[in-house]
Each structure stands twice: as C-alpha cells, then as structure tokens.
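The values are calculated or read from the model by the stated rules, or taken from the named source; none is laboratory data. All of these numbers come straight from a predicted model, not from anything done at the bench. Using ideal geometry, Cβ is built from the backbone for each residue, glycine included, and neighbour counts are taken over all protein chains shown.
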Amino acid sequence: MDKKQVKKIIDKIKAFRQNFDVSNLLIEEWTKILLPYRYEDVDKRLDEYFKENENTLKYPDAYYLTKYLRTEEEINNNQEVYVRCSICNKIMNENDLYEHYERCSSIEYIERCGRKYLKRRFSKIKLWEMSKDKFEELYWKVCDETFKVIPECLEKHTLENAILTHNGQEPKYSIEELNKMLEA
C-alpha cells in the first residue's frame, strides 16, 4: 500500500465518522502500519468494521484493520498457514478464518436459540449450504422470533440492540447499561 492509498482509507473513515480527527501525524503513523499490507485487503476489512453493529459510532484502529491480514511479503512467499476454528474445530487456510468464523458462530446461535427458545431444530449442514443472502435472512428471522419469546435478561437486551441496529435504528441500551445488568 502506498501513502495515497492510506489517505484513501483515512478519507473513507472520515466519510463514515465525521469527527475522526485527521492530522499529518496520523497519516504518517497509519502509513507506517499499513504500508506492508494490500489496499484491497485493508479496504475490505474497513467495510466489515463499519457493518459490525457493535462498531457503530466507534473509530477503527490501524492495528485492528491489519489483524489477521497477511503482508505483501507473506502473500508473495505463498506460505500457507492453517488454523482451527475454535467453534467447530475445522482446519482451514488462515485467510478463510474470519468469514468462516462469522458464519460458524451465527449457525451456533441459530441452533442454540432454535433448541432453547423456539423448540425447533436446524440442520447445521443445511445452514452451511445456504447462500449468504438466504442465511442472513434466516438469521434475522430467528433473532426476531427469539426476541418475542426470550425472558427478560441481558441476552434479550443485547439481542434487542442487535435487531435495532440491524434495522438502522439506534440501540436501546448503552454499553454501560448492559454492563450494569451483567454485574447484577
């Protein structure tokens, strides 16, 4: 990545987070951190950051954006690194872990909520076979159905926040309020 591309990343952050304070020092420091990485990889990671509900109104960090990314040198050396998913124990290429983990944890959530709250069973195999769009549609449908039957608890409040932010609304409970519920 070159300095122009780093500036594009910073400008994108500024577009999404207008209060993001950009200075020459920030550009210099971010350039040092992002220089070894490919622009496309960092840009994709930034898009994913902005899509995450818990990142609403938060500023990304240069080190966060490069976490689990491979540098140009690592890519050029083409050394394959394999990792194991902590949920399903599947072994995969390190580059595939992030996307796999998101789907895997969502499948676990659907399966658990189905059993515990909806008295339904979901086939993990069929969930894995679904297209991304169909899966996401089902995921939010299960969340909505679960929210209607789950008893008042911290999980219900975090689920409500997730549903609200997914629908483009402000979360009902602040982090501080959720932490107080957790401590109670």
Exercise for review: Test Ile87 against the criterion of being touching a Cys at 6+ places or on another chain (Cβ under 7 Å), over 23 Å from Asp41 (Cα atoms) and of a type in the set (A, V, I, L, M, F, W, C), and give yes or no.
Suggested key: yes
Exercise for review: May I ask you to list the residues in the range 82-112 that are of a type in the set (Val, Ile, Thr), assigned by TED's automatic domain parsing to the domain that holds Tyr139 and surrounded by fewer than 15 Cβ atoms within 10 Å (Cβ to Cβ)?
Suggested key: none
Study note, to complete from the structure: Note on the range 73-98: residues under 30 Å from Val22 (Cβ atoms) and free of Cβ contacts under 8 Å to residues at least 12 places away in the same chain are Glu74
Practice item. Answer yes or no as to whether Phe122 is touching an Asp or Glu at 6+ places or on another chain (Cβ under 6 Å) and either in the same structural domain as Tyr173 (by TED's automatic domain parsing) or of a type in the set (A, V, I, L, M, F, W, C) (or both). Key: yes
Practice item. For residues that are among the basic types (Lys, Arg) and assigned to a loop (DSSP other than H, G, I, E, B), scanning just the range 60-88, find the one that is farthest from the chain's Cα centre (by Cα). Key: Arg70
Point to revise | Pairs with Cβ under 8 Å, 6+ apart, first in the range 52-72 and in contact (Cβ under 8 Å) with a residue 60 or more places away in the chain and farther than 22 Å from Arg38 by Cβ, second part of a helix (DSSP H, G or I) and hydrophobic (A, V, I, L, M, F, W, C) | key: Asn53/Ala162
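Conditions (1) surrounded by 11 or more Cβ atoms within 10 Å (Cβ to Cβ); (2) touching a His at 6+ places or on another chain (Cβ under 6 Å); (3) touching a residue at least 12 places away in the same chain (Cβ under 8 Å); (4) in a helix (DSSP H, G or I), marked per residue:
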position: Arg120; (1), (2), (3), (4): yes, no, no, no
position: Asp133; (1), (2), (3), (4): no, no, no, yes
position: Lys141; (1), (2), (3), (4): yes, no, no, yes
position: Pro151; (1), (2), (3), (4): no, no, no, no
position: Lys156; (1), (2), (3), (4): yes, no, no, yes
Check your understanding: Is there any pair linking a residue in the range 15-29 that is farther than 19 Å from Lys3 by Cβ to one that is assigned to a loop (DSSP other than H, G, I, E, B), with Cβ under 6 Å and at least six apart or on different chains, and which?
Key -> Arg17/Tyr59
Revision key, fill the gap. Log entry, pairs with first residue in the range 30-44 being without any contact (Cβ under 8 Å) to a residue 60 or more places away in the chain, second being of a type in the set (Ser, Thr, Tyr) and surrounded by fewer than 16 Cβ atoms within 10 Å (Cβ to Cβ), beta carbons closer than 6 Å, six or more apart or on different chains, reads Pro36/Thr71; Tyr37/Thr71
Practice item. Please identify the pairs in which a residue from the range 163-177 that is within 21 Å of Ile150 (Cα to Cα) has its Cβ atom under 8 Å from the Cβ atom of a residue that is assigned to a loop (DSSP other than H, G, I, E, B), counting only partners at least 6 apart or on another chain. Key: Leu164/Glu170; Leu164/Pro171; Leu164/Lys172; Thr165/Thr56; Thr165/Pro171; Pro171/Thr56
